[in-house]
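S.K.: Here it is: the structure, laid out below.
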Amino acid sequence: MEKVNYLSVAEEVMEQIKSKGAFLIAKSKDNEKINVMTIGWAAIGYIWRKPMMVVMVRKSRFTHHIIEKASSFTVSSPAEDLEEVLNFCGTKSGRDVNKFQECNLNTVPGQKVDTPIINLPGIHYECKIVYKSKMNPDFLCQEYKEDVYTDNDYHTFYFGEIVSCYKIIS
């Protein structure tokens, strides 16, 4: 495991998220529920004088119920081609299936947060949730409403302070 600067790998991770997706893992504090989903949108930057990753989860998603009760999340960007697994985790619900078991995904504890990471080669971000905000459609441009939210299933934004970023090499 090699610690890396979050910005030095940001372009690579964002390209992965944009083109193939990455794994978002959430674990609730109260009842120990855990889920993994595929994300295709995120942002990495510097906000409030801190390194930050912003992820978005729709209220209809099983992960939303879990991340609402979480203090952290992790994002695992796989180094190997896991297109089928990413597709499965992005199209199946944790309400109906144990995605970890079905996809043979193993987790290991996070180094600095209580949410685990997927144990696979790639880049891993551990993020402490510092702010969340439900989208207000009144403030969204009409073009995006018509393109992305025809079903009115809006996202909640989760701002996670990046407390650890590292690469696992196979």
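All of the numbers you see were taken from the coordinates with simple rules; none came from a lab. All values derive from a computational prediction rather than experimental measurement.
S.K.: Would you mind checking which residues have amide H under 5 Å from Ile47's amide H? H placed 1.01 Å from N; only 5 or more apart, or other chain.
M.R.: Sorted by chain and number, the residues that satisfy this are Met52.
S.K.: Enumerate the calculated ³J(HN,Hα) couplings along the stretch 23-29 in order (Karplus 6.51 cos²θ - 1.76 cosθ + 1.60, θ = phi - 60°), each rounded to whole Hz, writing x wherever the residue is Gly or Pro.
M.R.: Listing the rounded values in order: 8, 9, 10, 10, 9, 6, 7 Hz.
S.K.: Report, largest value first, the span of the C-alpha coordinates of the chain along each principal axis, in whole Å.
M.R.: 45, 40, 33
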